[in-house]
Amino acid sequence: MNAAQAQSVQDIHAFTEQAREAIYQAIFSRRDVRGQFLPTPVPDAVLSRILTAAHYAPSVGFMQPWNFVVVQSGAVKQRIHDAFAVAHAEAADMFEGDRRNTYRQLKLEGILESPLGICITCDRERTGPVVVGRTHMKTMDLYSSVCAVQNLWLAARAEGLGVGWVSIFNQPALQQALGIPKRITPVAYLCVGYVSHFYAKPELETAGWLPRLPIEELVYFDQWGQHDDQQALIGHLRRDQAEAQETANRALMHSR
Ligand SMILES: Cc1cc2nc3c(=O)[nH]c(=O)nc-3n(C[C@H](O)[C@H](O)[C@H](O)COP(=O)(O)O)c2cc1C
């Protein structure tokens, strides 16, 4: 295959340049939102689109193990917030010294401020005990529900909605707050709503908690731990990581 043939194979199924840019814009400008929620209601048409995006996630053996508990009741949100508050206090005690004080100052949820909560779950028994693809690595069903979370998160970003994943719960307390049966695993509790603004970088990065890792240090060749600085791919990765941040910055400047 010559270079021209190779190019036409690449192009034949690719999205248009504009559509590709939109996908990367959603990926690079998506943020975990905690503190910027507006009370503006989310129209059902928009909620329906992001839930449908979630439902079109890949799943092991096409199990579709998810359910979506849409939370709109203030009383239910309060129960969830109460469960968060208990776990959050426990969590603070797990960090030492300065880290503990910094942890306490982090805003890690928007449960009461966001107009919607969505709990995405995993029914590990949905299609019986033997599932194509889950025969040996048993956690694949949970990962499938995580794929649904990510689909929803990206679709929401494209719709101008912020999403914040809250995971600081004792699992039984979260289940009780939402009436989720024991056999169902809650995978994510998401706060969803329109926002006053998005940040260009993760809040934990800006707060100095952790930096974004250079991608070229995370990619190995042929064997675990094997770096190869001579590979042309390394140069691409460095440039693309820098460009990803530029894309996030531009998305903020151009947001309507
Ligand atoms: C599995 C998972 C659980 C998370 N739990 C929380 C949480 O409890 N509270 C919170 O503020 N952020 C939570 N986050 C958001 C991360 O802190 C956030 O994704 C990370 O700092 C990167 O920032 P970004 O999403 O804005 O790029 C969670 C993210 C994931 C993927």
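The values are calculated or read from the model by the stated rules, or taken from the named source; none is laboratory data. Please read these numbers as outputs of a predicted model, since none were measured by experiment. Because the Cβ atoms are built from the backbone with ideal geometry, glycine has one as well, and the counts that use them run over all protein chains shown.
Would you confirm, using the coordinates I've provided, whether Ala6 is over 17 Å from the mean Cα position of the chain (by Cα), in contact (Cβ under 8 Å) with a residue 24 or more places away in the chain, not in a loop (DSSP other than H, G, I, E, B) and not assigned by TED's automatic domain parsing to the domain that holds Ala200? Judged against the criteria, Ala6 is not a match. Contact annotation: residue pairs with Cβ atoms under 6 Å, 6 or more positions apart or on different chains, pairing a residue in region 207-224 that is loosely packed, with under 11 Cβ neighbours inside 10 Å with a partner that is of a type outside the set (Phe, Trp, Tyr), are Leu210/Leu204. Within region 28-86, the set of residues being without any contact (Cβ under 8 Å) to a residue 24 or more places away in the chain and in contact with a Cys (Cβ under 8 Å, 6 or more places away or on another chain) is empty. Selection within region 177-193: residues that are within 15 Å of Glu109 (Cβ to Cβ) and small (Gly, Ala, Ser). The member of this set that is farthest from the chain's Cα centre (by Cα) is Ala177. Among residues of region 169-198 that are in a strand (DSSP E or B), those with a beta-carbon under 6 Å from a residue that is surrounded by fewer than 12 Cβ atoms within 10 Å (Cβ to Cβ) at least six positions away or on a different chain give the pairs Tyr194/Thr40. Just one of the listed residues (Ser255, Ser196, Ser167) is out of contact with any helix residue (DSSP H, G or I) (no Cβ under 8 Å at 6 or more places or on another chain), within 16 Å of the ligand (Cβ to nearest atom), under 26 Å from Tyr56 (Cα atoms) and among the small types (Gly, Ala, Ser), and it is Ser167.
Conditions first: (1) farther than 23 Å from Gln25 by Cα; (2) within 13 Å of the ligand (Cβ to nearest atom). Val149 passes all but one, so which condition is the exception? In the conditions (1) farther than 23 Å from Gln25 by Cα; (2) within 13 Å of the ligand (Cβ to nearest atom), Val149 misses (1) alone. Among the criteria (1) buried (at least 16 other Cβ atoms within 10 Å of the Cβ); (2) among the polar types (S, T, N, Q); (3) within 24 Å of Val163 (Cα to Cα), the one Thr127 does not fulfil is (3). From the list Thr40, Thr52, Thr16, the one residue that fits, being of a type in the set (Val, Ile, Thr) and outside the structural domain of Asn67 (by TED's automatic domain parsing), is Thr16. Of all the listed residues (Leu233, Leu190), the sole one being aliphatic (A, V, I, L, M) and either away from the ligand (no atom under 11 Å from the Cβ) or over 29 Å from Thr40 (Cβ atoms) (or both) is Leu233.
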